[in-house]
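The values are calculated or read from the model by the stated rules, or taken from the named source; none is laboratory data. Because the structure is predicted, anything quoted here is derived from the model rather than measured. Heads up, the Cβs are rebuilt from the backbone with ideal geometry, glycines too, and the neighbour counts pull from every protein chain shown.
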Amino acid sequence: FDGPRHLSNAPTLSYGARGIATISLEVFGPRVPLHSGNYGNYSPNPAMKLSKLLSSMWHEDGRVAIPNWYDGITISDEVKEILKQVPDDEAQIQKDFGIANTENIGSNFQEAIQYPALGILGLEAAWVGKSTRTIIPATAIAELNIRLVKETEGDRMVKLVKDYIVNQGYYLVDDKPTEEERMTYDKIARFNAEVSYGAFRTEFDTEIGAWLRKGMVKAFGKDPIQIRTGGGSIPISPFVITLGLPAVAVPTVNPDNNQHSPNENIRLGNYVDGIKTITAILMEKL
């Protein structure tokens, strides 16, 4: 029951979810922050190095530029027809999000989330705002995540990112660089990664899908929206993969719940609908 409903807030079944891996990347500069007047034009700036490295990982249209990133991903005509059944109003989505255009990955929203994604979660280098100081930072940090799909294996995708960084001339460490490493290598970065869990996907024509649909029709008087793969990640996938069992997510919360953001919330109507959903499923005969 994790995750939000379809953007229309209609009853939803999600037959899969993406997996997730995280990467912490720290580029090193001078041993300590340096005065930007005294040492500007002399000491390399790790924030600039990190910015250049990150920007090289994507094409201008949003596609990941790391070689072999999309290997093994094929969206057949049959799958495209399934994805088209999801009633997305993309003009409204863009209006709600305040974005003029989208990244060029897939021909629509549902297609886009069938591919593995590489994203920047946060950036840090020295101080900003009222705390700004006229210095060259000592380090610059980026926190990244990879959203995996069923066709992609987590360790392989992490290795693609790691190999790409090495090919950009970086010497990688697990912690702080030694004095010898500082004096030997021009580009030094800390690279730490973790694969949390993989993706899963269940076909629409399984018994569990039919059972859930029947229960939800009784509860709401209409067929639920069926989504091939949700964009988020659900930690049940290790059980699904290890046990070889089909699984379907039944999201119940409102899509504008600010998930993982400030003021995360749930509408009372969705709370009530969640009770109706769970009751209907438990009362439906297997």
Could you tell me which residue of the stretch 18-52 is modelled with the highest pLDDT, considering only residues that are touching a strand residue (DSSP E or B) at 6+ places or on another chain (Cβ under 9 Å) and basic (Lys, Arg)?
-> 49
Please state which of the following conditions residue 55 fails to meet, knowing it meets all the rest: (1) at pLDDT 95 or above; (2) surrounded by fewer than 16 Cβ atoms within 10 Å (Cβ to Cβ); (3) more than 22 Å from residue 157 (Cβ to Cβ).
-> (3)
Of 140, 117, the only residue that is among the small types (Gly, Ala, Ser), at pLDDT 95 or above and either outside the structural domain of residue 61 (by TED's automatic domain parsing) or more than 24 Å from residue 29 (Cβ to Cβ) (or both) is 117
Determine if the stretch 184-197 includes at least one residue that is touching a Ser or Thr at 6+ places or on another chain (Cβ under 6 Å), part of a strand (DSSP E or B) and modelled with pLDDT under 95.
-> yes
When the stretch 98-112 is examined, which residues are found to be in a helix (DSSP H, G or I) and without any contact (Cβ under 8 Å) to a residue 60 or more places away in the chain?
-> 109, 111, 112
